Amino acid sequence: MTKLKEIVDSCSYRQKFHIQPTTGLLNDPNGFSYYNGEYHLFYQWFPLGPVHGIKHWYHVSSKDLVNWKDCGVGIIPTEYFESHGAFSGSGIVENNKLHLFYTGNTRNEEWIRHPYQCLAIMDSNGEITKNSEAVIKDLPNGYTDNFRDPKVFKDNNKYYCLIGAERKENLGTIVYYESNNLLDWKFKGEIKTDFFGNGFMWECPDYLRFDNKGILIFSPQGLEADGDKYQNIFQSGYLIGDKIDFSNGEFNHGNFNELDRGFDFYAPQTTEDKHGRKILVGWMGLPEIDYPTDKSGWAHCLTIPRELELKGDKLIQKPVKELELLRGENLKYSYTLNNEEKDIVGFNEKTYEFICEFSNFTGKYVGVKLRKGIDEETVFYYDIENKKLVLDRSKSGEVFATEYGTERKCEYNAENLKVQIFVDTSSVEIFVNDGEEVFTSRIFTKEISTGVSVFADNNTNVEINLWKINI
Ligand code: FRU
């Protein structure tokens with residue numbers, strides 16, 4: 001571990017303000033909750049290298065969603081019901097204790113998998129005690145061993161547990177259980193969506209309620225690419241509808257929308273804090289893809305936290321306000337671009353927050369370039385004619401996952417364009433017009449490539465605010 005840590009620490013792609021593993025691999029956020037005056041967040045962790053080995057839960061906590069305290073390993077798989085890993089799950093506070101539900105992954109000698117749904121309880125001292133046995137031990141008929149990622153919540157004085165599942169006919173779905181005491185669970189059936197039939201396995205279900213609306217979030221595997229949509233190996237998105245009727249699983253809803261348009265986003269999880277804010281954190285990575293940091297003994301990080309709002313039939317995702325704590329020295333510029341690209345001279349940072357507002361644009365495109373250097377740049381622009389937002393990472397540095405393309409696009413109708421971008425050493429998170437679209441991506445750029453520019457092929461006004469990161 002000491003040797004591995006030395007290699008990891010010397011990697012030039014280590015992030016500055018994102019949650020990342022000390023060594024090894026991070027994947028899904030888990031157990032995200034507000035408990036005892038703090039946010040608690042866990043993540044899937046394999047300590048010994050950048051591979052999906054036996055998963056642990058690593059624990060961090062924060063009072064402000066920006067400064068995270070390292071609380072060490074939260075769940076180490078030691079019991080027969082989690083022999084091959086403590087897989088993803090969620091947290092719910094009851095009786096002043098944080099109840100953590102997760103999937104115990106097991107395999108027998110023939111490598112046949114059996115998933116258990118398990119419970120561990122954390123007290124106000126941060127002490128985590130596992131229940132002596134799993135709370136859901138059997139698989140209901142009709143489902144494969146891809147049966148995991150419990151999301152537990154309360155609705156009308158009953159507890160419900162959503163589980164990501166695969167039907168025996170290789171179709172992804174979500175099933176649910178009901179309980180009065182968080183210990184005894186009764187299988188109720190499937191959440192009945194019109195999206196059924198898309199994908200072979202639906203991972204990491206989550207459920208949010210806004211007034212009279214219900215929002216089901218999940219990560220389906222096996223969607224076919226469809227135009228600009230579903231370009232990543234696996235997707236994450238949501239269905240908005242009336243609240244789910246848990247007496248029969250009925251869910252009347254609209255289209256499936258992707259949560260993020262970037263290259264690296266998966267398995268998000270939400271929580272609600274004491275102010276009633278709904279906050280989402282995702283895994284800034286994807287399964288089954290090799291990343292340039294693998295050779296340095298680590299992989300992946302979590303996204304910055306986003307506050308969710310509902311606007312019509314769309315989720316709006318804004319970086320949480322507390323991220324302003326990261327703002328250090330501020331530089332402001334105001335330009336009129338006249339069919340040109342303008343470098344922001346004298347700003348050479350690898351980590352920063354960047355807000356750029358374009359107005360009165362006509363022509364074909366307006367955009368920004370980040371982490372510019374010799375032969376390197378990450379380009380984000382609005383294609384005015386085709387009404388599309390485009391992220392191009394073909395020249396972002398070390399290339400990877402190129403079989404899934406080097407551009408991500410989505411349809412967008414803009415008259416004005418405000419982009420707010422969080423640039424960390426090896427990532428960009430781009431929020432468009434206050435959270436209407438988000439593009440999250442890793443980039444592996446040379447340390448010396450630190451240029452920033454704005455460009456337009458027409459006469460456009462642009463207002464720029466840059467903040468160095470204060471950490
Ligand atoms: C999603 C996922 C979950 C599973 C976990 C294992 O990325 O496959 O379904 O619980 O990762 O680490």
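What residues from segment 200-229 fall in the zone where the backbone N is under 16 Å from a label point 7 Å along the Cα-to-C-beta line of residue 169?
200-202
So, in nm, how far is label residue 54 from label residue 386 when the simple model puts each one 7 Å beyond its Cα toward the Cβ?
Result: 4.9 nm between the two label points.
Highest mean first, what order results for 234-240, 385-391 on Cβ atoms within 10 Å?
Highest mean packing first, the order is 234-240, 385-391.
Under 20 Å from a point placed 7 Å out from the Cα of residue 107 along the Cα-to-Cβ direction: which residues of segment 267-297 have their backbone N that close?
Residues 287-290 qualify, since their backbone N sits under 20 Å from the label point.
Where does each of 431, 187 land when they are ordered by accessible area, with a 1.4 Å probe and the largest first?
Reading off the accessible areas and sorting them downward yields 187, 431.
Report the extension gain between residue 211 and residue 375 in nm, rounded to one decimal, defined as 0.36 nm multiplied by the number of residues separating them, less their alpha carbon distance.
Numbers: separation 164, 0.36 × 164 = 59.04 nm, distance 4.99 nm.
Between residue 211 and residue 375, full extension yields an extra 54.0 nm.
Could you work out the relative contact order of segment 127-186, using alpha carbon pairs under 8 angstrom and six or more residues apart, expressed as a whole percent?
Dividing the mean separation by the residue count of segment 127-186 yields 27 percent.
Just want to confirm a number: the relative contact order over segment 169-261, from Cα pairs under 8 angstrom separated by 6+ residues, in percent.
24 percent
For residue 3, list the lysines whose Cα falls under 16 Å from its own Cα; do not include residues on the same chain fewer than 8 positions away.
295
Do any chymotrypsin sites (Phe, Trp or Tyr not before Pro) in segment 107-164 lie in a loop, going by DSSP, with at most 10 other beta-carbon atoms within 10 Å of their beta carbon, and if so which?
Loop-located and lightly packed - 111.
I'd like the distance separating the alpha-carbon centroids of segment 176-224 and segment 291-336, in whole Å.
27 Å
May I ask you to derive the relative contact order of segment 351-471, considering only C-alpha pairs under 8 Å and at least 6 residues apart, and to give it as an integer percent?
Worked out over segment 351-471, it gives 40 percent.
Given points 7 Å out from each Cα along the Cα-Cβ axis, report the residue 404 to residue 447 separation in nanometres with one decimal.
Result for the modelled spin labels: 2.9 nm.
Using the Cβ atoms and a cut-off under 9 Å, what net charge is assigned to the surroundings of residue 115, where Lys and Arg are +1 and Asp and Glu are -1? Don't skip to the end; give the middle numbers.
On the way: positive: 113, 148; negative: 145.
After counting each charged neighbour, the total is +1.
For the chain, what % of the accessible area comes from carbon and sulfur atoms, probe 1.4 Å?
About 43 percent, which is the carbon plus sulfur part of the accessible surface.
Let me have the 222 nm mean residue ellipticity of the chain computed from DSSP H runs of 4+ only, each contributing -39500 (n - 2.57), with the sum over all residues rounded to the nearest 500.
Numbers: 1 runs with 8 residues, N = 471.
Helices in the chain give a 222 nm mean residue ellipticity of -500 deg cm²/dmol.
Rolling a 1.4 Å sphere over the protein heavy atoms, what is the accessible area per residue of segment 131-270, to the nearest Å²?
Averaged over the residues of segment 131-270, the accessible area is 39 Å².
Below 25 Å, Cα to Cα, which lysines can residue 97 reach? Residues fewer than 8 away in the same chain don't count.
Straight-line reach from residue 97, under 25 Å: 55, 63, 69, 130, 137, 151, 154, 158, 186, 274, 278.
The values are calculated or read from the model by the stated rules, or taken from the named source; none is laboratory data. Nothing here was measured: the structure is a model prediction, and the numbers come from that model. Here the Cβ is made from the backbone with ideal geometry for all residues, glycine too, and neighbour counts use every protein chain on show. Remember, those area values only see protein heavy atoms, side chains included, never the ligands or the DNA or RNA. Shrake-Rupley method; radii C 1.70, N 1.55, O 1.52, S 1.80 Å.
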